[in-house]
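Notes follow once the structure below has been shown.
The values are calculated or read from the model by the stated rules, or taken from the named source; none is laboratory data. All figures in this text were calculated on a predicted structure; none of them were measured in a lab. Quick reminder, even Gly has a Cβ in these numbers, built from the backbone with ideal geometry, and neighbours come from all protein chains shown.
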Amino acid sequence: MDSRIEQALAITPASRAGERTIDITTTGARTGRPRRIEVWFYRVDGQIYLSSSPARRDWYANIVANPDFTFHLKNGVRADLAATGTPVLEPDRREAVFTAIIADLNQPWNPAGIPQPVEPLAEWMQGSPLISVEFGEPAAPAAR
């Protein structure tokens, strides 16, 4: 994988909102048509995850129905990465990942202006989507 792509994926809790903002293009669960949306990604123990605050999310339903999607980097380097998403359903793993995400979002500098404290862990465990991301074939950075 290109070093610029690796650097863009190597976010930490100190990363600003722009550094974790990506687009994803999924295949519609009902329509079969491409759907592009802006989301944040998180990195916990070296693994990339997609999640959001508790709510029903169409992007999650799309990935559950059609796991292959495109992960579009757009900060520092532009690249379209082939990815596969897997729902994280195992309770202990969900708890560990959500604990790290909530701690990340509750950093004192709060780079995104999210109201703090972020919802309790129990709410995230019950109502938030959580997708583990694996990357396929390396993609070259897109031309600017």
Check segment 42-58 and report whether any residue there is farther than 24 Å from G127 by Cβ, touching a residue at least 12 places away in the same chain (Cβ under 8 Å) and under 12 Å from the mean Cα position of the chain (by Cα).
no
What residue, among those in segment 34-65 that are among the aliphatic types (A, V, I, L, M) and part of a strand (DSSP E or B), is surrounded by the fewest Cβ atoms within 10 Å (Cβ to Cβ)?
I37
Filtered residues of segment 19-33 (kept if under 17 Å from L73 (Cα atoms) and part of a strand (DSSP E or B))
T21, I22, D23, I24, T25, T26
Within segment 84-98, can one find any residue that is β-branched (V, I, T), assigned to a strand (DSSP E or B) and exposed (fewer than 14 other Cβ atoms within 10 Å of the Cβ)?
yes
Answer residue from segment 71-83, given it is surrounded by 15 or more Cβ atoms within 10 Å (Cβ to Cβ) and out of contact with any His (no Cβ under 9 Å at 6 or more places or on another chain) and is nearest to S15 (Cα to Cα) among those:
N75
Residues being in contact (Cβ under 8 Å) with a residue 12 or more places away in the chain and farther than 14 Å from D68 by Cα: count how many of those fall in segment 31-41.
5
Need the failing condition index for D68 against (1) within 28 Å of A122 (Cα to Cα); (2) touching a strand residue (DSSP E or B) at 6+ places or on another chain (Cβ under 6 Å); (3) surrounded by fewer than 16 Cβ atoms within 10 Å (Cβ to Cβ), just the number.
(1)
Flagged in segment 84-99 as closer than 14 Å to L50 by Cβ and out of contact with any Leu (no Cβ under 9 Å at 6 or more places or on another chain), in numbering order, are T84, T86
Filtering segment 71-97 down to residues that are out of contact with any strand residue (DSSP E or B) (no Cβ under 7 Å at 6 or more places or on another chain) and within 17 Å of R43 (Cβ to Cβ), which residue is modelled with the lowest pLDDT?
G76
